[in-house]
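Values in this text are rule-based calculations from the coordinates and carry no lab data. Since we're looking at a predicted model, the values are computed, not measured. With ideal geometry, Cβ positions are generated from the backbone for all residues, glycine too; neighbour counts draw on all protein chains shown.
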Amino acid sequence: MTGLTRMTGMARFRRPVVTALIVCAALAVLPACGKRNTDQETLRKIVEHTRRLGAKFEYHDDRPDSKVEVQGLVEDDFRFKTRVFYDGQPAFDEVVSDDVLAMRVLDPSRLGLLVDRKQADPKTESELQGVSVIDVLRSRRWVQDPTGAPVVSGLGQTEATLGVDPAIDAVTSLDYTLAAINQSAGVRKWDKDSLSPTYARTEDPFEQPSRESGITRYDLARP
């Protein structure tokens, strides 16, 4: 990467309160039945298989104050690259390769959303003498932390860390989905003609895909 700047510690991220929605996580009670168990195992296998694949992806998080989108490529748990958008505008790039974390801020006005100034030291210098890490980020140059790569696993995330880094939320979304499947009271493949749907039709908040869309929807029952 051109214009690469090394640093000794990446500034910590602020932790906003957000709500992320995973479409397949339904909040309703589903009666026990054999069909539910079959669907649960089917969906689990789909997610586990997909999680092991390299992929190009898009992730959307509609927050009360903004819309966040992440576009990226993931090779495995140790290598990925992403670009994060706020309200349709590119905000920053984030790349992880083994232990290395690299970041470039594309919109300096968004820097306040990323850096927790109560915990970050604005005087932390980069390899450029007299130039702080914050100054380098403002200049839209790449900043690299050779040991700053995060633990890329949904199991390492907590409610307090969700939303801190949208890029990490995106690459670990299948971990959250798998955890939701395992913790649910059951899974049912959605059918618009079902006589006992997981959601009452008048209260169903999720998209109802048509057969022509190629989308298969599964509803998860709350434990």
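Mind checking the full-extension length gain between ASP191 and SER213? Use 0.36 nm per residue of separation minus the Cα-Cα distance, one decimal, nm. All intermediate terms of the calculation are to be shown ahead of the outcome.
Details: separation 22, 0.36 × 22 = 7.92 nm, distance 1.39 nm.
Separation in residues times 0.36 nm, less the Cα-Cα distance, equals 6.5 nm.
7 Å from Cα along Cα→Cβ at both ARG201 and ARG222: what's the point-to-point distance in nm?
Once both label points are built, they end up 2.3 nm from each other.
Between THR147 and LEU111, what FRET efficiency follows from the Cβ-Cβ distance if R0 is 30 Å, with the result rounded to 0.05?
Working from the Cβ atoms, E equals 0.85.
Quick check for you: which residues of region 172-201 have the amide N under 11 Å from the point 7 Å beyond the Cα of THR42 toward its beta carbon?
Residues 188-191 fall inside that zone.
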